[in-house]
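Notes follow the structure.
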Amino acid sequence: MEEPHAKRRREETQEIVDPSWTLAPPKWYERLPDKPLVRLFLATDWSKTSLGPLSDWPSSFCDATIICFTSAFPMSLFLGRELVQFYNSGYIDMWPDKQAKTWAKPLQQGWPEVWSELDSLINDVCSKGEGFYMMAKLFLLQVGPLLKELYFNFSYSPVSQGRHIVGIINTVADCSNYVINNRRMEQLRVLALRFTSISTTEDMCKTLTEVLGTNTHDIPFFAYYQVTGEDLSLISRSPCGIGYPTSITGPTDTSSPLAEAVTRAVWNTCNDRTSVELDLSGYELPICGGWKEPPKSSCVTPVFSDDVLVGVLLVGLNQHLDYDDSYRDFISLVSNQVGNAVKFSKVREDTRKRLEMLSNLDRARTVFFTNVSHEFKTPITLTLGPLEDLLNRERNVYAKDVLSHKKPNLDPTQTRKIDLIYRNSLRLLKLVNNLLDFSNLDNGEFNGKFEVVDVRELTIECCNLFESSFQKSKLIFLVDCEEVTGEVLVDRDMFEKIVLNMISNSFKYTKNGSVRVSLKDGDEFVIITVEDTGIGISEIDLPHVFKRFYRGTNREARQAGTGIGLALVSELVQLHGGRVDIESKLGQGTRTTATIKKGQSHIPPDRIHRLDPSMSGSIKIKDKHSVSSSWLSSLSRTPPSGTSSPPSPGSMMSTESSHHRWRIAFLCLDSEMREYILSIIGGDYDVFVSDDVESIYTQINGNKSDLVLADISTSGPGFTLLEQMRNEPTNVNLPIIFVNARSGDNQMESLGKGVDDCLVMPFSDLELRARIAVHIRMSQAQLSVMKHEQDLRHNAEVATAAKDNFLAMLAHEMRTPLAPALMLAEEMRCDASVPEQVRHSADVIHSTVQSEVLLIDNLLDMVKISKGKLALSLTTVNVHDCLKKVGRKIQEEYSEAQMKIEWNLAAKSNYVNGDAQRLEQIFTNVMGNCVKFGRHGKLIRVDTQNVDDKIEIGISDLGIGMSEEQIATLFDPMDLQHRDPYKTTGLGLGLHITQEVARAHGGKVTAESRGINRGVTIRIALPSTSHEAEKISCSHAVIEEKKNEARPLQILLVEDNEAIRMVMNRILSKMRHGVRSSGLVSTTIDAAKEFRFDLLLSDIGLPDGTGYDLIQQVRQVALQPFKAIALSGYSLPEDVQASLDAGFDLHLTKPVQINALKEAIDSLCGTPTT
């Protein structure tokens, strides 16, 4: 049954063959171009269609047909009441298998699958008489056996005959790849973005479901199976699907035929680790995704994370697309994203578990320290009692021992040893008490007893405990305590720990200078400050000093810390309603400030104790002695008499000497080994000692070491330092010697990783000194050579830059005098009024000057190559055409030599992506050399062949040949060894430039010769391309555009060289242009104010300014808009860009050829022909 739209169109077009309408001219179709589809059009019997024979077609049919077959854009015509279709080749190329079904057929018959959509669109055009344009319109078209998803940008334009619409012009462009690829890339982008924020496997599964659900055209359904041991578990799937097996433990599943097929495919993919396509056309499936019918196939692909199989992904495939390489790549990328997500979720889950484990460890550590502390206190107490009693007896504390003149039971050495045990027991007791304090703070058991005390007196008493220690260490100890007004409630024990810890820290980390303790009275707080001139704290450590058990990177203290003191101070001060602040600069000192709040508002009432005034006062003597012993025991550093103190980590050992002393960085964890090696080398070298890799590395990076010595008896730190050194370019050549307790494999491992020498224990003093001295001498010699090389390289770079600048200047100075000669010679040789003999002379002059210009161009190419600015204008070039063009030019140039060229162009892939001008240049250089050095024959052989993905061009002569030594330097710039002594023209740059141009194209140039007088073959290999969309034929490029025709112009010429100005005036006048010339900036500006001109031709270098300044000033005063061309002897890329930036429209390099000048003027100022 005929549809309403079609019936109405048929009624409206009944008069299509009205004889009163204007018919097309007789045999109008003979004007059509000769193309395959035109020939088919002429051979078609149109009288059998509703359109009738061609001779009866109206003029509108004729015009539309001519437009269709002459257009390069895909186009189709629907003509007459039945909308009979035909089209050009661009249209049918999109679906070649449609031609037999659609040519000269009604549109409804040729496109039944989309006719329901086309009918309404066509009706709108016919009823309104207006065309339309639609972008990315989806059509499901029958392409072979597949109803394919395709997208088009297309337009419908009406064809009118009088007031009737008699047809439609349809232009169309296939944008399917663009739409589908964008859809897929967007899904991949969102998937990657969302996966970066997941934390768990559950997050990954949720994200996978949400994101894959946004593109159900390409992935109608999916299921992800996670590998768990030897089985697979379904952990994520799309809501719509095929009834996925939830667990796969083997290759079979008998629950249903579909489950059996899916199970087998997933299992095989898991074992084979390769993707497979699963045909689903034989099973009943629900409708899934964005289509109206169920999918017919699916893909099963493995999912890897860091090359480990972690799962299998099952995805449904789009039934309206081929499963081609592009589709496979998309599924592979989805699989990769899932693999990355598995990795991210695992890393984050591991991190979370690690944090939980660390938290548990921290709690366990506190409990452990508490238990250990309690266990330690009993034996410490049992040790301290007898020791204290024994020491009191030996010091004759008891009066009865003094009166009885009883001799000591122990000699002085034994007494010192017992005193050492006593002091270290007190240190251990202090550490245990601190750990117990932390435990009590954590458990809320450290409540304290707050009472009103004289904090000034208590602070001074604490300071007095340190007075003797500061005197022994020759440090200045200053105490400044103000009177405090108002009540201050503190826990006496806590306050002592706060003050003593602060003073103790300053004492430990101050080697020279002073420590100052001050107590200041404030309105609401008491402020205790301890300030020292010690080693300071680094910016890295400063934020962490109040963390428990944190030990800074600086190890230059008198006594290694435990990371407890300041953390305990901070928490005790907080219990007093205050806070602790610390300021420090590395190498300058540290300032620690604690504030204690006055009053009692911050203290719970049950912790406040009001004591009898008679019971308050200073610390008891026994208590004072106990506190003094426990704190000062940890600060003593005076060794027993007769012994020397071993060097501490981070110290610099040296002796004064008038001569230069080499510097050694020494990494060693063992104090006895440090002392031993320093006793050997400390007198000869400045030695920086540390047990910390970062300290040593900082010393090295500060250029403060000439050699590194590392004890790797404990291997970790030494190899860490080695890796850091060898990864830093400035330290690669710094020698490093390992001192090792083992030989054999361990020694070979060290040498293999970049160690310069290994010294195996035991070793002699002489061996250690000798090896250090040898490596320092070798290193210094190497540094001297490297410095000399750097100086040479710098000098060479300076010389190269000077050479490039000189060559650019030389080119400019040479081009200026050549310009008038070349232009005059070119004018004369083309002027028919000039006698033939004079024209012949002009030819000679022109050829000679052109040769000089070529030499200048070669010099400038050398400058561009050296600066890395050899620019290419890339397009698709036919190499064979390019070779033939150069061959003709060579034969014309050397016509007297009767040079013959033998061609064997066998390469089938003869297109390259290259710069046509540069390729002509290298072929000209090589063929020119064949002419110049072809002494034994006038024959050049040119052959081409394809080798792999390249085209290889061989150009051979039968000339003087070359030796192997000459070939080795053939491509060096200015190499003249291969020349015939009787032929000395040229600078020796041609082949070097040829090689660099070929490299810029991704190719290479080689030379071969069978020997002297046996000719040379130059082979040029360039990457070939099969792309033929923009072919440039070097022999004849046809431009099917209307050119601009020159019109008389008014030209303002600015040139300070009188000869060039005269010649330019003459040439421009012959081109029928009006010319007004000037040689200065000032006169040009005056002329611009009164002379209306269309074009400014200006030199850049002028006596009273530059062309850059000139154009900007002229544009401000000119009477009308104008175009501008810069003329300059400078032609480097930066020179051209400078002209364009200044405001010129073109940059021409002197000497300018007349044709080039004419084309430039026409392109800027011409008017289209009518």
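The values are calculated or read from the model by the stated rules, or taken from the named source; none is laboratory data. These figures come from a predicted structure and were not determined experimentally. In this analysis, Cβ positions are derived from the backbone assuming ideal geometry, glycine residues included, and neighbour counts consider all displayed protein chains.
Here are some notes:
- In region 333-350, the residue that is nearest to Asp307 (Cα to Cα) out of those that are charged (D, E, K, R) and in contact (Cβ under 8 Å) with a residue 40 or more places away in the chain is Lys346.
- Matching entry among Ala1124, Ala1118 (being hydrophobic (A, V, I, L, M, F, W, C) and in contact with a Leu (Cβ under 6 Å, 6 or more places away or on another chain)): Ala1124
- Every test in (1) crowded, with 21+ Cβ neighbours inside 10 Å; (2) assigned to a strand (DSSP E or B) is passed by Trp267 save one, and that test is (2).
- Selection within region 759-780 - modelled with pLDDT under 80 and either under 15 Å from Leu709 (Cα atoms) or among the aliphatic types (A, V, I, L, M) (or both): Leu759, Val760, Met761, Phe763, Asp765, Leu766, Glu767
- Flag for Ser297 being touching an Asp or Glu at 6+ places or on another chain (Cβ under 7 Å), under 29 Å from Gly144 (Cβ atoms) and in contact (Cβ under 8 Å) with a residue 12 or more places away in the chain: yes
- All positions within region 692-733 that are of a type outside the set (S, T, N, Q), buried (at least 20 other Cβ atoms within 10 Å of the Cβ) and in a loop (DSSP other than H, G, I, E, B): Asp706, Ile712
- Region 723-749 residues that are among the small types (Gly, Ala, Ser), paired with ones that are at pLDDT below 70 (beta carbon under 6 Å, 6 or more apart): Ala741/Ser713; Ala741/Met761; Ser743/Val760
- Meets criteria (modelled with pLDDT of 90 or more and within 30 Å of Leu147 (Cβ to Cβ)) for Leu314: yes
- Residues located in region 21-35, provided they are of a type outside the set (Ser, Thr, Tyr) and either at pLDDT 90 or above or not in a helix (DSSP H, G or I) (or both): Trp21, Leu23, Ala24, Pro25, Pro26, Lys27, Leu32, Pro33, Asp34, Lys35
- Within this structure, Lys1123 passes the test of being assigned by TED's automatic domain parsing to the domain that holds Gln1050, surrounded by 15 or more Cβ atoms within 10 Å (Cβ to Cβ) and of a type in the set (Lys, Arg).
- Evaluated against (1) within 21 Å of Lys346 (Cα to Cα); (2) surrounded by fewer than 21 Cβ atoms within 10 Å (Cβ to Cβ), Tyr224 falls short on exactly one condition, (2).
- Those residues of region 653-686 which are part of a loop (DSSP other than H, G, I, E, B), at pLDDT below 70 and farther than 21 Å from Gln780 by Cα, in sequence order: Thr655, Glu656
Results for (1) farther than 28 Å from Asp831 by Cα; (2) of a type outside the set (S, T, N, Q), shown as yes or no for each residue.
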residue: Val1054; (1), (2): no, yes
residue: Val1063; (1), (2): no, yes
residue: Val1081; (1), (2): yes, yes
residue: Ser1098; (1), (2): no, no
residue: Gln1116; (1), (2): yes, no
residue: Pro1121; (1), (2): yes, yes
residue: Lys1150; (1), (2): no, yes
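- Residues that are surrounded by fewer than 22 Cβ atoms within 10 Å (Cβ to Cβ) and part of a loop (DSSP other than H, G, I, E, B), drawn from region 517-534: Gly522, Asp523, Glu524, Thr533
- Screening Ile960, Ile967 for residues that are among the β-branched types (Val, Ile, Thr), more than 25 Å from Cys882 (Cβ to Cβ), assigned to a loop (DSSP other than H, G, I, E, B) and at pLDDT below 85 leaves exactly one candidate, Ile960.
- Test result for Tyr1130, crowded, with 21+ Cβ neighbours inside 10 Å, of a type outside the set (Val, Ile, Thr) and assigned by TED's automatic domain parsing to the domain that holds Met1062: yes
- Positions within region 519-564 being at pLDDT 75 or above and closer than 27 Å to Cys668 by Cα, in sequence order: Gly534, Ile535, Gly536, Ile537, Ser538, Glu539, Ile540, Asp541, Leu542, His544, Val545
- Residue count for region 1029-1064, restricted to those that are at pLDDT 70 or above and surrounded by fewer than 17 Cβ atoms within 10 Å (Cβ to Cβ): 7
- Qualifying positions in region 134-146 - more than 42 Å from the chain's Cα centre (by Cα) and surrounded by fewer than 16 Cβ atoms within 10 Å (Cβ to Cβ): Gly144, Pro145, Leu146
- Among residues of region 71-84, those that are within 13 Å of Thr171 (Cα to Cα) and not in a loop (DSSP other than H, G, I, E, B), counted: 4
- Among the residues examined, Ser570 qualifies as closer than 30 Å to Thr698 by Cβ and at pLDDT below 90.
- Matching residues, region 563-602, being closer than 25 Å to Gly534 by Cα, surrounded by fewer than 15 Cβ atoms within 10 Å (Cβ to Cβ) and polar (S, T, N, Q): Gln588
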